[in-house]
1. Tabulate in residue order the Karplus-calculated ³J(HN,Hα) for region A:150-163, using 6.51 cos²θ - 1.76 cosθ + 1.60 with θ = phi - 60°, rounded to whole Hz; enter x for Gly and Pro.
2. Pull out the extension gain between residue B:35 and residue B:96, defined as 0.36 nm times the separation in residues minus the alpha carbon to alpha carbon distance; nm, one decimal.
3. For residue B:141 paired with residue B:43, estimate the spin-label separation in nm (one decimal), with each label point 7 Å from Cα along the Cα-to-Cβ line.
4. If the cut-off is 17 Å between C-alpha atoms, which lysines fall inside it for residue B:231, apart from same-chain ones fewer than 8 positions away?
5. Note down the nm distance, to one decimal, between modelled labels 7 Å out along Cα→Cβ at residue A:83 and at residue B:355.
6. Can you tell me the FRET efficiency between residue B:432 and residue B:19 if r is taken as the Cβ-Cβ distance and R0 is 60 Å, rounded to the nearest 0.05?
7. Between residue B:221 and residue A:122, what is the label-to-label distance in nm when each label sits 7 Å out along the Cα-to-Cβ direction?
8. Taking the number of other C-beta atoms within 10 Å as the exposure measure, put A:46, A:272 in order starting with the fewest.
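Please treat every number below as a calculation from the coordinates, not as lab data. As the structure is a prediction and not an experimental result, all values here were calculated from the model. Backbone-built Cβ (ideal geometry, glycine too); neighbour counts: all protein chains shown.
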Amino acid sequence: MVQNVNSTYTGGGVAEILSRLVPLLGELGLEAKWSVVQGTEAFFTVTKKMHNALHGRQDGLTPGDYSLFMETSDRHLEELELRGDIFYIHDPQPIGLVRRKKELGGNWVWRCHVDVSNPDMAVWDFLRGFVDQYDAAVFSAPQFSRELPVRQFLIAPSIDPLSDKNRDLPQDFIDSVLRKYRVPQDKPLVTQISRFDYLKDPVGLIEAFRLVKRSIDCRLVLAGGTATDDPESDKVLAEVQERASGDPDIHILLVPPQSDLEINALQRASTVVVQKSLKEGFGLTVAEALWKAKPVVASAVGGIPLQVKHRWTGLLSHGVEGTAYDIKRILANPELAKSLGDNGREHVRQNFLITRHLREYLLLFLSLAYKEDVVYL
Amino acid sequence: MTAVNDWLAVHWLDVLVPFSVLFASLVVLLWVRRRIAHWLDHWARRTRWPGDDILYHAARWPSLLWIALISIYLGLETSTLPGSWHMPATRSLWTVFMFSLAYSFVGVSSGLLRLYGDRLHIPAHVTRGVSVAVSVLVLFVAVLTAMDLWGAPIGPLLLAMGLMAIAVGVALRDILPGLLEALHINTTGYIKAGDYIKLETGEQGYVLDVGWTNTRVKALDESIVMVPNVKLARTTVVNYGRPLKKAIKPFRFSSRTHLKELTGLKAKDLYELADMLKKVPEAVVYYHTHHFLEEHHYLSPEPPNDFAVWVTDVLGDEVLGERLAAVDTFEFPTLGTLRERLGGIVEEHLAQPCEHRHATEGREFYFIKSVSFITPTPYVAYDLRELTEALRKLPVGSLYFHVFESRLRLGRSRNDFSAWIGDELGEQQLAEQMAHLDPYQYTLEELRSQLIRLIEKRIK
């Protein structure tokens, strides 16, 4: 039996992946369970600080924050019913559950969805105390790994091509979504789909867009939602709305949860999809856009370079000016846009669909039993 | 006695002419028979169809009777016998001829039924039954003809016979088409036991036998497919002919999938890269020289190794990048020698006086290890044809394993296909061709086509 634990059932890539993978594991005959740790708003404020700190931001966690984290973690130990042969713990929020390893036995895997390539070392050292107790750790990109006493695996997340967010849509529906959000189709659309989060750099994208507008007339769509484990998003949304105010070509869309079809339609309506993140665990929105054969301009951070092979499956940029330059290249060159889009879709088909993810989950479970580099089954 | 002598003295010519005609005909016809028999015997020996022997033997002895009958008939025709004697004599000759012909026909039909009964695996009692039925029918026809000849009424008998034929036809309506098709297949020889056939509808395998209603085909997965003869005759069938040499030890296809294990090791410049290249496990060298091929096999037929890409794109050293990219992985028999070559190039470059750059933070070279999981597949091949058919269906992971991984990572001198074809089938020329095929020059789908093309060329 495989027990997955994270901190939210809705919002964000982790919940989305688990909602797809857990039933599929069941279909394959594995008993798979998904539990969520509960927490107060104060706890999630601390874990958001941790999240930012792991991404390199100095949010200054206080001793009180660590105490609150440990108190909540202790409560999780008591409250959460844990049972299984493999415990698959996602991200820092439930990381402390590994303290029941001796009592429960089994294999324990920590799945880190966060970009920990350049973390605040104080927070990382705090988490290391837990990470080292696991049997294995899983990261989304090679630069997140560091020398650890446990085996580390690289497993990229995935998308489900049959889900509402990725399936084909009729043009009428796409048009109706644009009408609903009052986005005219008179100019090329530059779109970023992301939670309103500083690390997604929506403000930086607005700056890049204004550079593009100097030479090519187009519209910018910034669309996203919020997650229950991210108390910061309202603040970011307000700041983005303020920066965009007065520009009729910038559309800030707060898309409610469970609006996968609308997100899908916005991506399909786009001329270019951008992911101008400062840090990124993996960036599933990039895979979603590539799957729709859209040309993508994305920052070379986190797991994005795994998806965007520069000049093959998209364009990688490193700043506001670079992003603007790449968007202009694509808008001015439809043939390049098509070539990048076609290659991008094939790249996702080969490497980032849920079937590959499922296979690697199974291989990971096998790896817990086999230590060799070549395993004959 | 005197009366006879007197009669002969007057009518000696009436006796001499018919007997002369009779004996002359006998002599001539026996000579002609001998010539024909000699020619037929010669023809029957040359052909492989055993049916001609049956025809020859069925006509061999009755033909003497037919010669006698013809000679007597000619004698009668030249004689001066009165009409009251002539008519019964002629009818008697025709009657004897009719029954001798029936005897020969029964012999031929029985012989052919035995022959095709064996080929079609029809049970002996069924063949015997059909043979008796045919004999009765032929005899019946002969009797009817004889009766007609002597002026007896045959209408009621014909009616009874027609009804019987309808009854037999209704009883055999399901079997008869298949049986006829089986006879057709056997007669034409287009499909024989042991042939490898492929039907338009997808069924394929080796023909075990052509039965009287179905043909049994053994598929590659050892299952037996019963193909109705009627279907076989009405669909497009590709016959690949007789099987090729079968190996005692079959080729069992495996497939391979892999997991990426992070080592936590990284290099920020060429010094660290050269140093790490000496230390990391061979599974790391394997990953960084092959993962582009696995993940982007649809894009580039000649994938660059990760070291070359990093040196060019991140360190901006295009000269070294080009040298690393030019390392032909196919030339190296082991990962150890490949590692030495890559490390050697980096060290040679470091020995030259030039500026060496560092990667910015986050763009270092991260060493990743490939962990392979090798699983059996249901595909098995005993000969080249089965190998080709399996190659068409295999997942690319299996192709990848037998061509790339087995040779370099598992330290086998040749790819698995080449080794098996040479060692187990003794096809040394084909084995050499497959060993010399540089798989790094193709996408995996192109490689699949190349391997199939080579084998098919040999088969044809």
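1. Result, rounded to whole Hz: 10, 5, 10, 10, 9, 10, 7, x, 8, 10, 9, x, 9, 6.
2. Numbers: separation 61, 0.36 × 61 = 21.96 nm, distance 2.47 nm.
Once the chain is fully extended between residue B:35 and residue B:96, it gains 19.5 nm.
3. Taking the simple label geometry, residue B:141 and residue B:43 are separated by 2.1 nm.
4. Correct list for residue B:231: B:192, B:198, B:218.
5. 6.6
6. Working: r = 83 Å, r/R0 = 1.38.
Between residue B:432 and residue B:19 the formula returns 0.10.
7. My value for the distance between the label points is 6.3 nm.
8. Values: A:46 24, A:272 27.
So the ranking, lowest neighbour count to highest, is A:46, A:272.
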